[in-house]
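J.: Here it is, the structure in full.
Since every read-out is calculated from the coordinates, none of them should be taken as a lab result. What you see is a predicted model, and the numbers here were worked out from it, not measured in a lab. Using ideal geometry, Cβ is built from the backbone for each residue, glycine included, and neighbour counts are taken over all protein chains shown.
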Amino acid sequence: MKHINILKNQSYNNDKVAISVLFETETTKEIRILFKEGQVMKKHQTPFPITVEIVKGELDFGVNDEIHHLIKGALVALDGGVPHDLKAKTDCIVRLTLSKLDTVTRVKNVVNLSQ
């Protein structure tokens with residue numbers, strides 16, 4: 001069993017989105033993404049399916065040039081290869097579930113390119 005509280009030890013970054021690995025399982029990587037209001041992750045795509053959960057706050061989730069306003073409790077599944085972008089409307093905590101075959105480095109590169 002693996003256990004962590006996604007609400008503990010939050011460290012927002014004023015300059016860019018903050019990413020931390022919560023834990024890995026045999027099939028997934030669970031990532032916490034902390035957005036300050038106004039921070040963005042520019043349009044990108046993943047090679048594998050992802051799941052995104054809004055744990056706190058509100059953000060605009062763009063998919064194929066259509067904006068979806070997501071609020072606390074929203075859960076989204078997205079196939080690999082689908083362009084998407086995110087913009088925080090408030091301070092947000094986002095849980096991202098990646099395939100074990102995907103890399104956290106790829107996500108960090110998206111953040112670095114979004115500054």
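J.: First measure r as the distance between the Cβ atoms of VAL21 and ASP79, then evaluate 1/(1 + (r/R0)^6) with R0 = 22 Å and state the FRET efficiency to the nearest 0.05.
T.: On the way: r = 23 Å, r/R0 = 1.03.
So the FRET efficiency works out to roughly 0.45.
J.: Sticking with this structure for a sec: Spin-label point model (7 Å from Cα, Cβ direction): what's the GLN115 to SER11 distance in nm?
T.: In this crude spin-label approximation the distance works out to 1.6 nm.
J.: How long, wide and thick is the chain, going by the Cα atoms along their three principal axes, in whole angstroms, largest first?
T.: Principal extents (largest minus smallest coordinate, Cα): 36, 31, 26 Å.
J.: While we're looking at this one, here's another question. Quick one: which of LYS56/LYS87; LYS29/LYS108; LYS72/LYS100; LYS16/LYS56; LYS2/LYS36 span more than 21 angstrom between C-alpha atoms? Could the numbers behind the result be given before it?
T.: Working: LYS56/LYS87 14 Å; LYS29/LYS108 14 Å; LYS72/LYS100 26 Å; LYS16/LYS56 18 Å; LYS2/LYS36 28 Å.
Check vs 21 Å cut-off fails for LYS72/LYS100; LYS2/LYS36.
J.: On to the next question. In debye to the nearest 20, how big a dipole does the chain give about its Cα centre with +1 on each Lys and Arg Cβ and -1 on each Asp and Glu Cβ? The partial results should precede the final answer.
T.: Numbers: 16 positive and 14 negative charges, 76 e Å.
I would put it at about 360 debye.
J.: So what's the back-of-envelope 222 nm ellipticity for the chain, counting only DSSP H runs of four-plus at -39500 (n - 2.57) apiece and dividing by all residues, rounded to 500?
T.: Values: 1 runs with 10 residues, N = 115.
Counting only the DSSP helices, I get -2500 deg cm²/dmol.
J.: Placing unit charges on C-beta atoms (Lys and Arg positive, Asp and Glu negative, everything else neutral), compute the dipole magnitude of the stretch 35-86 about its Cα centre in debye, rounded to 20. Before the final figure, lay out the partial values.
T.: Numbers: 5 positive and 8 negative charges, 43 e Å.
Charge dipole of the stretch 35-86: 200 debye, to the nearest 20.
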